[in-house]
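The next block holds one structure in the form of structure tokens; read it before the comments.
The values are calculated or read from the model by the stated rules, or taken from the named source; none is laboratory data. For clarity, every value in this text was computed on a predicted model and none was experimentally measured. In this analysis, Cβ positions are derived from the backbone assuming ideal geometry, glycine residues included, and neighbour counts consider all displayed protein chains.
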Amino acid sequence: MIDLHRSGKEAVVIENLHKQFDDLKVLKGVSLHANEGDVLSIIGASGSGKSTLLRCINLLEMPTSGDLRVGGEQIEFTEKRGVRVPKHMRQVEKMRSRLGMVFQNFNLWAHMTVLQNVMEVPVHVLKVPKAEARERAEAVLERVGLSDKRDQYPAYLSGGQQQRAAIARALAIEPRVMLFDEPTSALDPELVGEVLKVIQDLANEGRTMILVTHEMKFARDVSNQVLFLHKGLVEEEGTPQQVFYETKSERCKAFVSSIH
Amino acid sequence: MRWDWIPTYWPDFVDGLIITLQLLSMSIIIGMFFAIPIGLVQVTGPRWLGRIAQGFCTVVRGTPLLIQLWLLYYGLGSLFPSMPWIRESWMWPYLRDAFPYALLAFSISVAGYEGEVMRGAFKSVPKGELEAARSFGMSRFTILRRIWLPRAFQNVLPTLAGEFVLTLKATPLAATITVFDVYGVGTMVRQETYRIYEPLLFIAGIYIVLTGIIVLFFRWLENRVPRAV
Ligand SMILES: Nc1ncnc2c1ncn2[C@@H]1O[C@H](COP(=O)(O)OP(=O)(O)O)[C@@H](O)[C@H]1O
Ligand SMILES: [Mg+2]
């Protein structure tokens, strides 16, 4: 169906995913396939299930049914008192420690400096020696242009700086895949650019990324795959060219019309 | 005003002060040790355990400390001697003293009041920060140790400072079960010297100094951790 992958090695594969909150069916059979080097954007109206889909990848939300493979490894589930749970929590934790998630509201740890935020997961989850983690943290902070803020606490940073720090935190784990959930939606308009620029640079260097965004132009320019979600189903998918300019679905056409 | 009794009773006041500080610090340490899980289970569940914790806090906070203290001292204190295995155990020499009962009562009190404070503290940590920790593969215990607990404490340090000052000022109740704390020494001095006010003023001064030390210590602690947002 989608023939435009940037490599042959699969990174994240979701097959026929359903997600239900109590009676509310949010995802009704979604499949997604990202190989290494791919940049996949998920677009769609508010409430269409984009965040839920992204959060199912690292199991912040537990899929009601469906298959999930990360880095070629099948995540195993089992039932406990009628509820679906991971079979091996260790497997999930290990998988998560290689997925760098960036949240809409940054979610930096407020009791730690920027540098401590960035070193936290390498030191306390990945068990990287402190000196090495520090070196790596300083390097990624340099990359996102925050070297001078490394000893600041998040509360004293602008939104754009906080989001760049959050990106640095995700980068520091040397992630297999980066997950972005509307990384610029909580930012003042004048701060959006600095964050998109960082994400653009990461895409250019071949990072695998799955990105939920409202920035249509950005999605068009940065991705090699776009997925338009409508009411819990994939309504349109393909290359940016296909989704933005050769749109088949009327709904998708209306939705993306803003960039024409 | 006469203060010439001070040199005579100075050693007694030092002893009393040590008892007061022991009672305060040990009950805070023991009480907080239980307050943390008591607060936590009310937020995380399991439900039934949260209910028990909540019930414990309600009972402790809903009854006067003086009554708890007397119930423990006169209740347990009169029960234990009738139990041979306690009379013969290594604990007996301690249990004949009033201090362990005061320590138990104050620890329970700290656990109850601060359990409630910690419940609010755990709840006040933004969900997103815990979610971020989860998203990076932290285990539940690592999240608690590295993120949740320090973040919760950061939010309630000023509250805890006030709570511990209140605990300090409740310690004279222990004198009612014959614990010779600073207040107990003061009472003794009043009886022996027939001075009414001076000993009271003197121990009031001691409590003010102790309160000042607690306040300054927590201010120092607060300055070491950043203010959240
Ligand atoms: N934890 C939850 N519990 C119940 N309903 C939820 C939860 N998370 C999301 N939803 C619902 O699922 C739907 C899709 O939400 P979401 O995935 O956040 O959409 P989007 O990111 O596309 O705006 C919404 O109707 C939302 O209210
Ligand atoms: Mg969303």
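Tabulated results
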quantity: Residues that are surrounded by 20 or more Cβ atoms within 10 Å (Cβ to Cβ) and within 16 Å of ligand 1 (Cβ to nearest atom), drawn from region A:196-215; calculated: A:Ile210, A:Leu211, A:Val212, A:Thr213, A:Glu215
quantity: Residue match in region A:184-195 (condition: part of a helix (DSSP H, G or I), touching a helix residue (DSSP H, G or I) at 6+ places or on another chain (Cβ under 8 Å) and surrounded by 21 or more Cβ atoms within 10 Å (Cβ to Cβ)); calculated: yes
quantity: Subset of region A:33-45 [within 17 Å of the chain's Cα centre (by Cα) and either crowded, with 23+ Cβ neighbours inside 10 Å or within 15 Å of ligand 2 (Cβ to nearest atom) (or both)]; calculated: A:Ala34, A:Asp38, A:Val39, A:Leu40, A:Ser41, A:Ile42, A:Ile43, A:Gly44
quantity: Residue tally, condition in a helix (DSSP H, G or I) and either at the interface with chain A (Cβ under 7 Å from one of its Cβ atoms) or over 19 Å from A:Thr113 (Cα atoms) (or both), over region B:128-156; calculated: 15
quantity: Whichever residue in region A:3-29 is of a type in the set (A, V, I, L, M, F, W, C), touching a His at 6+ places or on another chain (Cβ under 8 Å) and farther than 19 Å from A:Gly206 by Cα and, among such residues, is nearest to ligand 2 (Cβ to nearest atom); calculated: A:Leu27
quantity: Boolean, B:Glu163 is more than 14 Å from every other protein chain (Cβ to nearest Cβ) and within 23 Å of B:Trp5 (Cβ to Cβ); calculated: no
quantity: Considering residues of region A:98-136 that are of a type in the set (Gly, Ala, Ser) and within 11 Å of chain B (Cβ to nearest Cβ) only, the residue nearest to A:Thr64 (Cα to Cα); calculated: A:Gly100
quantity: Residue match in region A:128-138 (condition: within 16 Å of ligand 2 (Cβ to nearest atom) and surrounded by fewer than 23 Cβ atoms within 10 Å (Cβ to Cβ)); calculated: no
quantity: Candidates B:Leu221, B:Leu201, B:Leu216 - the one that is within 14 Å of chain A (Cβ to nearest Cβ) and hydrophobic (A, V, I, L, M, F, W, C); calculated: B:Leu221
quantity: Any hit, region B:81-91, residues being part of a helix (DSSP H, G or I), out of contact with any His (no Cβ under 9 Å at 6 or more places or on another chain) and surrounded by 15 or more Cβ atoms within 10 Å (Cβ to Cβ); calculated: no
quantity: Single match in A:Met89, A:Met62, A:Met101 (criterion: within 24 Å of A:Ala11 (Cβ to Cβ) and modelled with pLDDT of 95 or more); calculated: A:Met101
quantity: Flag if A:Gln163 is within 28 Å of A:Glu135 (Cα to Cα), in a loop (DSSP other than H, G, I, E, B) and either within 14 Å of chain B (Cβ to nearest Cβ) or within 16 Å of ligand 2 (Cβ to nearest atom) (or both); calculated: no
quantity: Among the candidates A:Leu115, A:Leu99, A:Leu60, residue that is within 16 Å of ligand 2 (Cβ to nearest atom) and of a type outside the set (Val, Ile, Thr); calculated: A:Leu60
quantity: Criterion: basic (Lys, Arg) and surrounded by 12 or more Cβ atoms within 10 Å (Cβ to Cβ) - qualifying residue of B:Arg47, B:Arg51; calculated: B:Arg51
quantity: Residue, nearest to the other protein chains (Cβ to nearest Cβ), within region A:1-55, restricted to residues that are within 11 Å of ligand 1 (Cβ to nearest atom) and basic (Lys, Arg); calculated: A:Arg55
quantity: When residues of region A:70-97 are limited to those that are closer than 24 Å to A:Gly37 by Cβ and within 8 Å of another protein chain (Cβ to nearest Cβ), the one surrounded by the most Cβ atoms within 10 Å (Cβ to Cβ); calculated: A:Arg96
quantity: Any chance A:Ser65 is surrounded by fewer than 23 Cβ atoms within 10 Å (Cβ to Cβ), within 16 Å of ligand 2 (Cβ to nearest atom) and more than 8 Å from every other protein chain (Cβ to nearest Cβ); calculated: no
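Residue-wise test of (1) farther than 22 Å from A:Leu4 by Cβ; (2) away from every other protein chain (no Cβ under 14 Å); (3) within 14 Å of ligand 1 (Cβ to nearest atom).
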| site | (1), (2), (3) |
| --- | --- |
| A:Pro175 | yes, no, no |
| A:Asp181 | yes, no, yes |
| A:Ala186 | yes, no, yes |
| A:Cys252 | no, yes, no |
